[in-house]
1. Answer yes if at least one residue in the range B:49-62 is polar (S, T, N, Q), within 13 Å of ligand 1 (Cβ to nearest atom) and open to solvent by less than 30 Å² (accessible area, probe 1.4 Å), and no otherwise.
2. If I filter the range A:115-151 down to residues being in contact with a helix residue (DSSP H, G or I) (Cβ under 9 Å, 6 or more places away or on another chain) and not in a helix (DSSP H, G or I), which single residue comes out as surrounded by the most Cβ atoms within 10 Å (Cβ to Cβ)?
3. Taking the condition closer than 22 Å to A:R205 by Cβ and aliphatic (A, V, I, L, M), does A:I102 pass?
4. Collect the residues in the range B:85-121 that are surrounded by fewer than 19 Cβ atoms within 10 Å (Cβ to Cβ) and more than 16 Å from ligand 1 (Cβ to nearest atom), keeping them in residue-number order.
5. Out of A:L48, A:L89, A:L64, A:L56, which single residue is assigned to a helix (DSSP H, G or I) and either basic (K, R) or free of Cβ contacts under 8 Å to residues at least 60 places away in the same chain (or both)?
6. Kindly provide the set of residues from the range B:19-48 that are free of Cβ contacts under 8 Å to residues at least 12 places away in the same chain and more than 9 Å from ligand 1 (Cβ to nearest atom), ordered by number.
7. Looking for whichever is within 14 Å of chain B (Cβ to nearest Cβ) and either over 23 Å from A:V107 (Cβ atoms) or out of contact with any Ser or Thr (no Cβ under 8 Å at 6 or more places or on another chain) (or both) here; the options are A:A233, A:A211. Which one fits?
8. Does the range B:205-241 hold any residues that are more than 16 Å from ligand 1 (Cβ to nearest atom), touching a residue at least 24 places away in the same chain (Cβ under 8 Å) and part of a loop (DSSP other than H, G, I, E, B), and which are they?
Amino acid sequence: MADGSGFSPAPAAAKDVLFGFTLAQLLAFGLMVAFVVISPFILYPVFLMNVLCFALFACAFNLLIGYLGLLSFGHAAFFGMGGYICGHLAKVLGLPPELAIIAGGLVAAALGAGMGWLAIRRTGIYFAMVTLALAQMVYFFCLQAPFTHGEDGIQSIPRGKLLGFFDLSNDFTLYWLVAGIFLAGFLMIHRIVHSPFGQVMKAIRENEPRAISLGYRADDYKLIAFILSAGLAGVAGATKSIVFGIATLNDVHWNMSGEVVLMTLLGGLGTVFGPVVGAAVIITMQNYLAEFGAWVTVMQGGIFVICVLAFRRGIIGEIANFLRVRL
Amino acid sequence: MSNTTTERTAGISSGQQPALLETRGLTKEFRGFVAVSDVNLSVQPGTIHGLIGPNGAGKTTCFNLLTKFLQPTRGTIHYNGRNITRMAPADIARLGLIRSFQISAVFASQTVLENVRLALQRERGASFDFWRSEAPLRAYNERAMALLEDVGLAEYATATAGSLPYGRKRALEIATTLAMDPKMMLLDEPTAGMTHADVDHIVELVKRVAQGRTVLMVEHNLKVVEGLCDTITVLTRGRVLAEGPYAEVSRNPEVIAAYLGTDPEQSGAMAHA
Ligand SMILES: Nc1ncnc2c1ncn2[C@@H]1O[C@H](COP(=O)(O)OP(=O)(O)O)[C@@H](O)[C@H]1O
Ligand SMILES: [Mg+2]
């Protein structure tokens, strides 16, 4: 074939060193774990737990947009529903926190199965619109259903005792549970992406007709990924309801669906660590700039515009591009 | 080159094998515009069948119908004695009927090796196992490398497919298609947009991999068609204009007029091509 064009063998893709991580990713992962372990001794644990819940939420969202190219604009439905189910079970039925969180994730996954089944028939902007419409239906359900207590939400959800032994009313003890859930969820997503399933998922993102012509029923993979993403978003919302002891309409509102899009975009779509960084930046902003009131929303809007115009790859995406590594 | 062509053609016309792929009255309308009209196509097993015709004749639409990427408005498709008219595209692929695309179709961000492995991976079923590591896939590395070697891409195995130049992307596509061990391949303009050297390479490759398989290919380069195809079907405005061995069809005045316009000089070129 024509070789005279001065084409030299393309740069090899970086090698996996451990657990599907490249060397750069392994270093970044170590850095992240170190931060998760050290930070509660320096910063306010409840704030950090909030960051970790949203980081998991954003990672779950990124599984769809980053690795399948599906933009869901209805992920608040899973995040919020996870919180409601978990809160209800922990408060009314007195379920231990670990079971209540798992139940929140499972119900969100089931909801994801239904919403996903309806949404994956569409692509692009239509997919986003269908997920938004369905999430709005979930919102109105939560507004009306008796167990969610409408505008009040579910209040004073007990933190309970982990495995009937560790008292979670201690912020520190709860922090380690939340950190564990975040890291487990993060690694699970990483494993999904680096599994035989993940290979097909990426192939569908790159070229859906070609993947189909190799005998892969693309819709099946999209639905499974949607369910996994919804379930993990539900776990994140459930954990958050245990941390704050409340589950409210805020978390099922479409604002929340938009916020997770912003976090992921800011951190870097399709990067492993981007959603975590994006969530941390946004939550920090909301936390420390709270005194500016409505201006926080304006600043977020500004950041969104800057991202879209100047830093399309997001924070981590730009760093990775600068260092010529995958992160 | 033309010797083998005549021999193969002779063998076919004397044998009475049932067609591997057969369409009856195949029709596709797009909001009233008839892109494919009443096409009866019959591809004999073990042959290379060319589908030619001017741009917009409906060749790609035909491919999309045959592989079920489009639903026909009317007509039936039989493959290997089976009615596949209502099947889903992924299921067609599972029957060993694999297509390539007019625009090169590789998985750009995955490595060249992973591209081929994705096809080999089909053997283990659907690969829904999202909880497992990629370790089971490494079992396919050796065969993937052999296929890459076969199309001259072994040294690029670890490069991302998107970084390959165009000609090599097409070669990768063929390697990926071959990895499916297809019974029948549908190639949509495999040499489109290539340099001379690349075209020769692909022609050799197609000729080699067609051994023991059936190929239906769309091709604009008449030299390539003459060298490769046992039978050709000429399509114009969605209809079959002529069908038969190249030597016969290329002398058909209707074909000359339709395919090359009425320019006598060009028509002459076709007859002597
Ligand atoms: N999805 C579609 N919707 C409407 N018209 C189409 C569509 N696909 C193809 N066509 C039309 O059908 C005709 C045949 O196209 P095509 O099969 O791509 O031709 P060829 O591959 O022979 O060049 C063209 O006129 C094209 O514009
Ligand atoms: Mg075409």
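1. Of the range B:49-62, the ones polar (S, T, N, Q) are B:55, B:60-61.
Then drop every residue that is not within 13 Å of ligand 1 (Cβ to nearest atom), which leaves B:55, B:60-61.
After this cut, where a residue has to be open to solvent by less than 30 Å² (accessible area, probe 1.4 Å) as well, the list is B:61.
There is at least one residue in the range B:49-62 that is polar (S, T, N, Q), within 13 Å of ligand 1 (Cβ to nearest atom) and open to solvent by less than 30 Å² (accessible area, probe 1.4 Å).
2. The extreme case among them is A:I120.
3. Values: closer than 22 Å to A:R205 by Cβ: no; aliphatic (A, V, I, L, M): yes.
Considered against the rule, which asks whether it is closer than 22 Å to A:R205 by Cβ and aliphatic (A, V, I, L, M), A:I102 comes out as no.
4. The answer is B:T85, B:R86, B:M87, B:A88, B:D91, B:R94, B:L95, B:G96, B:A108, B:S109.
5. Details: A:L48 fails: either basic (K, R) or free of Cβ contacts under 8 Å to residues at least 60 places away in the same chain (or both); A:L64 fails: either basic (K, R) or free of Cβ contacts under 8 Å to residues at least 60 places away in the same chain (or both); A:L56 fails: either basic (K, R) or free of Cβ contacts under 8 Å to residues at least 60 places away in the same chain (or both).
Sole residue among the options that is assigned to a helix (DSSP H, G or I) and either basic (K, R) or free of Cβ contacts under 8 Å to residues at least 60 places away in the same chain (or both): A:L89.
6. Of all residues in the range B:19-48, those free of Cβ contacts under 8 Å to residues at least 12 places away in the same chain come to B:30-33.
B:G32, the sole residue that qualifies.
7. Numbers: A:A233 fails: within 14 Å of chain B (Cβ to nearest Cβ).
Going through A:A233, A:A211 in turn, the sole match is A:A211.
8. Result: B:A210, B:G212, B:R213, B:C229, B:D230.
The values are calculated or read from the model by the stated rules, or taken from the named source; none is laboratory data. A quick note: this is a predicted structure, and the numbers were derived from the prediction, not measured. No Cβ is skipped: glycine too gets one built from the backbone with ideal geometry, and neighbour counts run over all protein chains shown. The accessibility values were calculated without ligands, DNA or RNA, using every heavy atom of the protein model including side chains. Shrake-Rupley method; radii C 1.70, N 1.55, O 1.52, S 1.80 Å.
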